[in-house]
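Remarks on the structure that follows.
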Amino acid sequence: MQLMPDSPLRQAALEVESHVGSEGWDQAPRLFALVPTADLIAAEPGLAEQLSDDHDGYTPIEQELPQGRELEDLLTEIEWPDAVTGCAAVIERIMLPPEAEESLPDDPEAIVEVAASHPDRREVRLVAAVTRDGQAHSAVRAKDPDDAVLLEGPDLVPGLIEHLRRTLT
């Protein structure tokens, strides 16, 4: 049973999550341009056989990212060309229960240490995808258990969604 309404953006976000997830955990952040599949085929007809049959959807195109910088910092420097209709990012983070967040130190480096050693931490993969027209879709998958359910919705990772939206303006 599908709980979320389907859309080309949702399908692109799920494709990105599946692609990154197939390569396991402990990965660097990943960034994808979302280009309308029909536009890509029109520009490069030779790609038609390799691309999705859904020409109304988006084709994610992975971007190379420099090593050693936080994704959120990199996103402040990115401006997409007009041919890019949207973008998606995948990042792994540690989540703590709300009661643990209340007792975190103020120092950012100390927060990382406390979170990494907290007994109730959960490692998660966050996926966010946005389009120029304001649509958003996000997904969260926990590392444990191995068969963790993919949670999805339009605003599960609002901070990452907002960072991505700023790259499209």
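The values are calculated or read from the model by the stated rules, or taken from the named source; none is laboratory data. Not measured: the values here are computed from a predicted model. Glycine also receives a Cβ, built like all others from the backbone with ideal geometry; neighbour counts cover every protein chain displayed.
Just to be sure, is Thr167 of a type in the set (S, T, N, Q) and surrounded by fewer than 16 Cβ atoms within 10 Å (Cβ to Cβ)?
no
What's the total number of residues in region 79-103 that are in a loop (DSSP other than H, G, I, E, B), touching a strand residue (DSSP E or B) at 6+ places or on another chain (Cβ under 8 Å) and surrounded by fewer than 17 Cβ atoms within 10 Å (Cβ to Cβ)?
Of the residues in that region, 1 qualify.
Would you tally the residues in region 66-94 being closer than 19 Å to His19 by Cβ, touching a helix residue (DSSP H, G or I) at 6+ places or on another chain (Cβ under 6 Å) and without any contact (Cβ under 8 Å) to a residue 60 or more places away in the chain?
0
Select from region 41-62 the residues that are aliphatic (A, V, I, L, M), under 22 Å from the mean Cα position of the chain (by Cα) and modelled with pLDDT under 85 and list them in ascending order. Break it down into steps so the answer makes sense when it comes.
As a first pass, look at region 41-62 and keep what is aliphatic (A, V, I, L, M): 41-43, 47-48, 51, 61.
Then keep just the ones that are under 22 Å from the mean Cα position of the chain (by Cα); that gives 51, 61.
Leu51, the sole residue that qualifies.
Return yes when Ala115 is surrounded by 15 or more Cβ atoms within 10 Å (Cβ to Cβ), at pLDDT 95 or above and within 23 Å of Gly159 (Cα to Cα) and no when it is not. Outline the logic, then answer.
Values: surrounded by 15 or more Cβ atoms within 10 Å (Cβ to Cβ): yes; at pLDDT 95 or above: no; within 23 Å of Gly159 (Cα to Cα): yes.
No, not satisfied.
For region 109-132, give me each residue that is outside any strand (DSSP E or B) and closer than 15 Å to Ala88 by Cβ. I'd like the intermediate steps shown before the answer.
Our first condition is that a residue be outside any strand (DSSP E or B); within region 109-132, this holds for 109-121, 132.
Passing the criteria: only Arg132.
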